[in-house]
Structures are given as C-alpha cells and as structure tokens.
Amino acid sequence: MTTEFRLAIGAALGRERVRTNIRKAMDGLVSKRAAAFPDADERERLRDQGEAIRGESVARLPELLEELERSCTRNGIQVHWAETGEDANRLVLDILRHAEATALLKGKSMVSEEMGLNEYLKHAGIEAVETDLGELIIQLAGEAPSHIIAPAIHKDRAEIAALFREHYPDQPPAERIEELTALARRVMRKRFRGMTAGLSGVNFAVAETGTLCLVENEGNGRLCTTLPDLHIAVMGIEKVVARLDQIPPLLTLLTRSATGQPITTYVNFISGPRRPGEQDGPRAVHLILLDNGRSRIRLDPELSATLRCIRCAACMNHCPVYTRLGGHAYGTVYPGPIGSILEPQLHGLAERGEMAEASSLCGACAEVCPVRIPIPRLLNRLRFEAVNAQADSPALGHGSRRLAGQAGLWRLWAWTCAHPRIYRTLTRLMTALRPLQPTRIKPWTDTREAPRIAGQDLHRLARAAGFTDRL
C-alpha cells in the first residue's frame, strides 16, 4: 500500500542535494559529540545521572507541576494550563490582545511548532517573527523545521544566499557564512526595536525556585525575553525538574549531545518579571504549560520513558534512517527516532503508527541518548500495539494497523505448524512447486530479493545423512 508517508520517503530519497547537506551536517555533529565525551566512564556516569533526574521528573510530574505553579506565582510569573495545542494558541492570542500587541518576536520553540502557533496567529492578524537564524531561514522559505535543534540543516550556504537575495533585495549581497549571518543580524535588529511582546520555549523549569532555563547560541532568545515588555514562555509539562542543582548535569548532557559544545553561548535563568529598580526585563511574564497528550503517555509504565527526552537530537544525528531521509520526509513536528515514538503517542497509531516502522532497530539512538530512553524497545512496543486488537487502551489506536487477511494467514500458519503431518505434506508440496515460485513479492522485493524455497527439506537431508532414527 502506497501511503502518504511512503510517498514522502520516496521523494526525500530523490533529493540528492538535501541528502548531501544532511549527511555532511550529521557527520560533523557525530564527530563533535564524540570529542565532547572523551572519557567514556564520565559519560556513562552523566547518563546515569540524567536518566535518574528525568525519571524522577516523570514519576513525580503532578506534584512537581503544582510546586512549579506555586513558585512561579510567588515570583510574579502568571501560569496558565493548556490541555491541547488549540487551548495554548488561544491563551497566547488572549495575552497578546490584552497587551494590544500586533506582532510577536519568537525565539526557537519546538512546542510552538507543535501548537501550530505561527499559522494560528497569522489568521488572527498577528505577525509572528522568527528570530532564530535557522527558524528565520525556513520561515522565509515557507517550510517546516527539518531538525529539532537546527531547523534549516537541510539547506546549504548557496540556497540561503539565494533566499536572502530574494527577500532582502535592499541589503548588500552576501555569499560567505559570515556575511549571511551579518545580514540576518542587521535585518533582525530592526525588528527587535519597539516590539512589545516576545515568546520563547523552555528547556527546563525548576519547581523548587520557579526558574525557567533557556539555552541558546545566538542571543535572540535573550532579546526576545528581555527587550519586550511582555514575555510569554510555552513549555511541555514534562520539562519540569525538581531542584536547581539538577540543572548543571542536564545542561552538560544537552549541549554536548546536541552540538558537541561544553556549554552554549547563552544560558538564561528567568525567575520573574522586572522588579523595582531594575533597568531591563519584561514587565509581565506568562508561562503556558502544555499537556497535549503527555499526561496520557505518562500513565503507561513503559512508554512514559518517552517523556524523559531533553530534545538534544542526538538520536537523530546518529540515525541511519533520518540521515538518509531528513526531517521533512516524516511530515511531523518531531522527526527521527524520538519522533517515531512520540508522534504516534501524541496523535494515535491510526494516524502516525507507520512512523514506528521507519527504523532499522539498529540501536544507535539508544546508545547515544543522554537520558537512556530505550527507543528501539518502545518502537517494538508501538509496532505490537498497532496490530494488537486486544489491548487495554484503545485511545492510542491499538489494532488500527491490523490487517484481517494478514492475521488470518498467521493463524493458518500457526495451526499448520501445530499439526506435523499437515506441515510435512505442505512443505513437500511447496518444494515440488518451487519452479512456480514468484520472483516479485510486493513490497518485499522493492528492496530485497524474493526468498527461495529450498530444493530439499530438512527431513530429506537428515535421512540422507543417516539420521533416520531421530525423525
């Protein structure tokens, strides 16, 4: 069956330039990560620590979120709860309209992509201005991010230069990377001036202190959260951690796993709006906590490990499937290995279950995950649930990919194997009809040779070898 996902994969495999760009970028990120963890014992100790911290966060999620709300409220941050992406979008719009804002400066935020915020605000007459360089590039190109930390990683320097010439004809032509970066800086500085509202994501939120932690390399996130009078932070509820002293090991794991850096250029800790006597900072800070299916995921003892993710993208960088396809082939906000376990849980197996099959199960993702998410095991679990009609949680779409004909064939095969005489008769018949075996078996033979029935069965070979007394 040729599905939309399979068509997208076929198209991706035909985009040689994109594949070359992604391969080159992934090789560089893999090398940098390896160099960032020269001591294997230290790396594994950090991973143990990261797994424990994030595991505690997921296990204690309800109480930590309540503590976070109390701490943030005490600090002057207004907290809002959103069950769905649509709820979160309405909250953002209401806050902007109350502030009479007609445009929104945006730092990089995968949660805002998950919400579909830009398109929602566009329909409401509010311009969303991406300030992260990668996000700006794909916004100009009218595309979605292809990677969760490097949105425009599929584009090369020449493509970006052409894009800038098209959209900024009044700027001096730029070809080199330094020139392109300087051009974007000049353009964006004009947008920062006079804007009244900014939005950011949240890497981690500390329940103990009500602190929002934001890491970045360009300074645009800091400008979005400092220059405007209004700062809106959007966050998936799983990003909460219990204590401030848990942040350093997570930051070490995040930056080294993502880009091979010891630390990012900017690490921002936001604990409230501008206080009396302070010269800068927003006058109002709003935190929107988005569920969007995360509470449901948490209830499953095995699948809840998905929520430990810190969005470093190491699994994507090392994945042989993602590296050859790129993120756009998946057609989802979260691509690659983490997307293949998260998206089916967020949107259901009927809609996204095929993503769990886009894996070789080589285990590279689990080997590099800084918080030890067992991605291959979870992929197998989702594959099983997709064809398991007897599951206990139908809300996920259990059994939605079960094919009655295929299930019937397996039942027939099991019955045959349970009856030795019938099994032997059938295998002898198959051996006799071997010349009539088809050489094309769709979709197996699209990428493989058809399996061949043996010329002699095992029983005949055993008899020829003198083992008749054991048959």
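The values are calculated or read from the model by the stated rules, or taken from the named source; none is laboratory data. Values in this document were obtained by computation on a predicted structure and should not be read as measured data. All Cβ positions, even for glycine, are placed from backbone atoms using ideal geometry, and neighbour counts span all protein chains on display.
Sort out which residues of the range 197-255 are of a type in the set (Lys, Arg), within 26 Å of Leu104 (Cβ to Cβ) and surrounded by fewer than 20 Cβ atoms within 10 Å (Cβ to Cβ), and write them in order of number. Arg222 - this is the single residue of the range 197-255 that is of a type in the set (Lys, Arg), within 26 Å of Leu104 (Cβ to Cβ) and surrounded by fewer than 20 Cβ atoms within 10 Å (Cβ to Cβ).
Looking at Asn220, Asn268, Asn203, just one residue is within 23 Å of Ile153 (Cβ to Cβ), more than 20 Å from the chain's Cα centre (by Cα) and either in the same structural domain as Gly28 (by TED's automatic domain parsing) or not aromatic (Phe, Trp, Tyr) (or both), and that residue is Asn220. Exactly one residue among Thr427, Thr431 is over 30 Å from Gly10 (Cβ atoms), part of a helix (DSSP H, G or I) and touching a Gly at 6+ places or on another chain (Cβ under 8 Å), and that residue is Thr431. When each of Ile422, Ile375 is tested for being of a type outside the set (Lys, Arg), at pLDDT 90 or above and more than 46 Å from the chain's Cα centre (by Cα), the lone residue that passes is Ile422. When restricted to residues that are out of contact with any Lys or Arg (no Cβ under 9 Å at 6 or more places or on another chain) and farther than 23 Å from Ile297 by Cβ, the range 232-262 contains 10.
Among the residues of the range 428-449, those that are closer than 30 Å to Glu357 by Cβ and surrounded by 12 or more Cβ atoms within 10 Å (Cβ to Cβ) comprise Met430, Gln437, Ile441, Thr445. Could you go through the range 294-310 and let me know if any residue there is out of contact with any Cys (no Cβ under 7 Å at 6 or more places or on another chain), among the small types (Gly, Ala, Ser) and not in a helix (DSSP H, G or I). Taking every residue of the range 294-310 in turn, none turns out to be out of contact with any Cys (no Cβ under 7 Å at 6 or more places or on another chain), among the small types (Gly, Ala, Ser) and not in a helix (DSSP H, G or I). The number of residues in the range 138-158 being more than 27 Å from Thr255 (Cβ to Cβ) and among the acidic types (Asp, Glu) comes to 0. Using the structure shown, decide if Ile310 is buried (at least 22 other Cβ atoms within 10 Å of the Cβ), outside the structural domain of Pro249 (by TED's automatic domain parsing) and in contact with a Phe, Trp or Tyr (Cβ under 9 Å, 6 or more places away or on another chain). So Ile310 passes the test. The set of residues in the range 20-65 being within 30 Å of Leu290 (Cβ to Cβ) and surrounded by fewer than 17 Cβ atoms within 10 Å (Cβ to Cβ) consists of Asp48, Ala52, Gly55, Glu56, Ala59, Arg60, Pro62, Glu63.
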